[in-house]
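Student: Dropping a structure here in structure tokens format, bear with me for questions.
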Amino acid sequence: MITLTGSQEKAVSHKDGPLLIIAGPGSGKTRVITSRIAALISSGVRPYNICAITFTNKAADAMRQRVLDMSLPSGTHISTFHSLCVRILRRYADRASIGSTFSIYDDADQKKCVKEAIKQADLDTKSFSPQKMRAVISRLKNNLEDVTSFQERSSEFFTKCVARIYKNYQQILTQNNALDFDDLLLKTAFLLRDNSDVRDELNNRFQYLLVDEYQDTNQAQYQIARGLSIAHGNICVTGDPDQSIYAWRGADISNILAFEKDWPEATVVKLEKNFRSTANILDLADRLIVANKQRKLKKLVPTIPPGRDIEANTLEDEQAEAEFIAENIKKLVDNGANLDEIAVFYRVNSMSRTIEEACVHNKIPYQIVRGVEFYNRKEIRDMLAYLKILVNPEDDVALTRIINTPARGIGKTSLDRMAAFARMRNSSLYDAAKQAEQIETLSKSLKAKLAMFVDMIERFKTDINGPVAELMQRVFDESKLRNSLETVAAEEAHSKASAVENVEELINSAFKYDTVTDEPNLADYLLQIALVSDTDAYDPQSGRASLMTMHAAKGLEFDNVFISGLEQGLLPHERSVDDDKGLEEERRLFFVGITRARKTLNISLARYRTVHGQTMRTIPSQFLFEADIIAEDIRQEQEQLYEDDFSQAFDYSANSTAAFSKGQAVIHAKFGSGRVKEFHDLGENSIVVVSFNTGQTKPLMLKYANLTKV
DNA sequence: CATAGCCGCCTTTTT
DNA sequence: GGCGGCTATG
């Protein structure tokens, strides 16, 4: 039997009208949401009329499971914003002026299209890098700025160029009958804004709206939530401004701060008690987060005794750190801990490898919760491109990818000729392939090859309505993709997890989809899989330790947590420290990491770390000092180190030509030119701190840095 | 048209 | 250090 606190009770039983739940970490927020769904249902609301929106698929799955566990009648819509938008857009495709069989483009597809858009605008990809332009366009879309409004707003040369790229990019997407991730939100927001009948219909369909992690909604998501509840005002949002860690993706913390202004009659419930972590852990989290100025004052109220002290340790390098973590995991297990209850967090995915190796070495079973690595594999993308073209023949990106994969003698020249033909006819590449006979520039043998290709695709197409796994198996075999992957694998027998196995894993997941879906079909499967990331594969009962980024850790909790890499440049990350906003978000990220831990928290850093092939002396994270975590240990060590450095530097530089003096202009192979800011002479371990012209300041180990004096 | 080899580019976090 | 894309060669 679960007892609710007074404020939880209030949040659960609140019925009509807007409700804002400000909930700190570990406050039982998810339980409150599910209980609220139950309360709504028992008061007579049909599950069908309830819509709950979560931040990740993983969270949606967990909530669905909880609803099941409570034996509630099914029918409640539970999904992420993106999945909900896909459903809405498919249903109202004509109203939104999009084809109902649209492809969803991810980052890599987007980048290809942006590159093409830059070329079409006669701009060079050096001054306008596809990567950057992609990010700029993404940001514009998240802020609901469409091509027209951006064009009107741009007056300077640069922004005008961006506007042209944006326009071309959007045109390319339309031609391919494709939407990118951001379009899913933007098109839905505009659909709701511009069509009162659609809005009314959806308000009637979803009479109660719940949005979790509201602090991480961006402008587009905000407008969707508002549009979906404007008629009835039955919108319940939960969030914690201190856990906002997606501003880089357009998340707007003011959405939650302004909720009471949007809905003046809103009921506000605060859940401040923490039922998760020991008082020691919460103390630390509190000490850290008070440094943030952009926040509403809030204190974590512990309900659990102090427990174990927070551990903090400095290790020699990242291998030693990983080894240290692995050994401590072993100790925990020896003392009876369950591996499911152990997690290692880091700032960037690339740090997983060292820790993974240490786990292997120490025979610790582990699972890595990665971003999108699986779906970024070449063989997976190839396979999915085959499937996409079956559903959406307009998808030129998919067709370009597979028309000669595996090699079937249709090279770049032929593709260019087809593209010219397609442009003339204003048709797709696949259409050009179909009409190959009429393309005069193509040789006879090419026409035959294209006919065979088209024939194959058309044969696959007959099976798109029905179970997916079987079709995928066929495509894999008959396209000869399997064959070509096997050949490659045979040549390099030592290759990693084989490409064939990866595709088979994909087919397995499709088989699962077939079994749990009422009317499985390829179009539906592709839309679903486009929104799935590896992160969703996290299995809370795998019997293995979990390795993940702090972003991926959002919403999870573990008895024992390790946080690694507490170093300047890493946490806070160097790309985030330019302004206070970025720094505060990094602080919140660390806050999220800390508050995942129930019982023990183990923080670590390395003195030396090799990043991108450069071994560098690290500087302990400012957060350690701010939160007064390892005051003595590290502070003493730091002071000692710097004293040693300076005295030696003084002695050494007096009679050495190798020494770098302050202000010396230098050139570095990677970072370009800069000036020496500090020089710590430690013999062969000397460190030069250089402030580069790029604006970055880096401590470099002399023996690795390969610096040239100018 | 295919292949191999080289160059240059990027590398924060994710739906 | 890894990948995609480009170029030179067969």
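Student: Under the rule of -39500 (n - 2.57) per DSSP H run of 4 or more residues, summed and divided by the residues of chain A, what mean residue ellipticity at 222 nm is obtained, to the nearest 500 deg cm²/dmol?
Tutor: Numbers: 30 runs with 340 residues, N = 710.
Dividing the helical sum by the residues of chain A leaves -14500 deg cm²/dmol.
Student: For chain A, compute the orientation-averaged projected area of the C-alpha convex hull (one quarter of its surface), in nm².
Tutor: Details: hull surface 140.3 nm².
Result: 35.1 nm².
Student: Seen from all sides and averaged, what is the projected area of the convex hull of the Cα atoms in the stretch A:1-91, in nm²? Working shown, then result.
Tutor: Values: hull surface 26.6 nm².
Average projection, Cα convex hull of the stretch A:1-91: 6.6 nm².
Student: Near the amide H of A:Ile563, under 5 Å away, which other amide H atoms are found, from residues 5 or more places off or on another chain, if H is placed in the peptide plane?
Tutor: When sequence neighbours closer than 5 places are left aside, the close amide H contacts are A:Phe345, A:Asn602, A:Ile603, A:Ser604.
Student: Given 0.36 nm per residue, what is the gain on full extension from A:Ala93 to A:Glu501 after removing their alpha carbon distance, in nm? Write down the numbers at each step before the final one.
Tutor: Details: separation 408, 0.36 × 408 = 146.88 nm, distance 3.65 nm.
That works out to 143.2 nm of additional length.
Student: Arranged from highest to lowest average of other beta-carbon atoms within 10 Å per residue, in what order do the peptides A:550-560, A:522-532 appear?
Tutor: Values: A:550-560: 21.0, A:522-532: 19.5.
So the peptides A:550-560, A:522-532, ranked by packing, come out A:550-560, A:522-532.
Student: Taking R0 as 25 Å, what's the FRET efficiency between A:Arg459 and A:Glu373 from their Cβ-Cβ distance, rounded to 0.05? Before the final figure, lay out each step's value.
Tutor: Details: r = 32 Å, r/R0 = 1.29.
It comes to 0.20.
Student: Follow-up. If the viscosity is 1.002 mPa s and the temperature 20 °C, what Stokes-Einstein diffusion coefficient in µm²/s follows for the stretch A:106-225 when Rh is the Kirkwood radius over Cα pairs? Write out the running numbers ahead of the final one.
Tutor: Numbers: Rh = 15.5 Å.
For these conditions, the coefficient is 138 µm²/s.
Student: Continuing with the same structure: Over chain A, what is the percentage of antiparallel beta bridges among all DSSP beta bridges, to the nearest 5?
Tutor: Details: 25 of 74 bridges.
So the antiparallel bridges amount to about 35 percent of the total.
Student: A further question on this structure: What spacing in nm lies between the two simple spin-label points modelled at A:Lys412 and A:Glu437, each 7 Å away from Cα in the Cβ direction?
Tutor: Distance between the two pseudo-spin positions: 3.2 nm.
Student: Between A:Thr615 and A:Lys444, what is the label-point separation in nm under the 7 Å Cα-to-beta-carbon projection?
Tutor: Placing both labels 7 Å along Cα→Cβ, they lie 6.6 nm apart.
Student: Another question, then. Can you compute the modelled spin-label distance between A:Ala258 and A:Thr515, with each label point 7 Å from Cα toward Cβ, in nm?
Tutor: The two pseudo-label positions are separated by 4.8 nm.
Student: For a Förster distance of 60 Å, can you work out the FRET efficiency between the beta-carbons of A:Asn404 and A:Lys331, rounded to the nearest 0.05?
Tutor: Working: r = 54 Å, r/R0 = 0.90.
That pair, A:Asn404 with A:Lys331, gives E of 0.65.
Student: May I ask you to derive the FRET efficiency for A:Lys480 and A:Ala419 from their Cβ-Cβ distance with R0 = 22 Å, giving the value to the nearest 0.05? Please report the intermediate quantities before stating the final value.
Tutor: Details: r = 24 Å, r/R0 = 1.09.
Calculated transfer efficiency: 0.35.
Student: Using 0.36 nm per residue of separation minus the Cα-Cα distance, give me the extension gain between A:Asn204 and A:Ala39 in nm, one decimal. Walk me through the numbers on the way to the answer.
Tutor: On the way: separation 165, 0.36 × 165 = 59.40 nm, distance 1.96 nm.
Extending this stretch completely gives an extra 57.4 nm.
Student: With contacts defined as alpha carbon pairs under 8 Å and 6 or more residues apart, what's the relative contact order of the stretch A:163-279 in percent? Each step should come with its number before you reach the end.
Tutor: Details: 108 pairs, mean separation 26.8, N = 117.
Computed over the stretch A:163-279, the figure is 23 percent.
Student: Oh, and also: Using 0.36 nm times the number of residues separating A:Val710 and A:Phe158, minus their current alpha carbon distance, what extension gain do you get?
Tutor: Values: separation 552, 0.36 × 552 = 198.72 nm, distance 3.41 nm.
Fully extending the segment from A:Val710 to A:Phe158 adds 195.3 nm.
Student: Can you pick out the pairs among A:Lys296/A:Lys599; A:Lys160/A:Lys581; A:Lys270/A:Lys554; A:Lys58/A:Lys363; A:Lys115/A:Lys378 whose Cα atoms lie more than 23 Å from each other?
Tutor: On the way: A:Lys296/A:Lys599 27 Å; A:Lys160/A:Lys581 28 Å; A:Lys270/A:Lys554 20 Å; A:Lys58/A:Lys363 28 Å; A:Lys115/A:Lys378 19 Å.
Over 23 Å apart, Cα to Cα: A:Lys296/A:Lys599; A:Lys160/A:Lys581; A:Lys58/A:Lys363.
Student: What are the trypsin sites (Lys or Arg not before Pro) within the stretch A:287-374 that DSSP puts in a loop, where the Cβ has at most 14 other Cβ atoms within 10 Å? The partial results should precede the final answer.
Tutor: Numbers: sites: A:Arg287, A:Lys293, A:Arg295, A:Lys296, A:Lys298, A:Lys299, A:Arg308, A:Lys330, A:Lys331, A:Arg347, A:Arg353, A:Lys363, A:Arg370; in loops: A:Lys293, A:Arg295, A:Lys296, A:Lys298, A:Lys299, A:Arg308, A:Arg347, A:Lys363, A:Arg370.
Sites meeting the loop and neighbour criteria: A:Lys293, A:Lys296, A:Lys299, A:Arg308, A:Lys363.
Student: Next up: Please report, in debye to the nearest 20, how large the charge dipole of chain A is about its Cα centre when each Lys and Arg carries +1 at its beta carbon and each Asp and Glu carries -1 there. The partial results should precede the final answer.
Tutor: Values: 90 positive and 99 negative charges, 341 e Å.
Using Cβ point charges on Lys, Arg, Asp and Glu, chain A gives about 1640 debye.
Each reported figure results from applying straightforward, stated rules to the coordinates on display, with no laboratory input. In this text, all values refer to a predicted model and were calculated from it rather than measured experimentally. Reconstructed Cβ throughout: ideal geometry from the backbone, glycine too, with neighbour counts over all protein chains shown.
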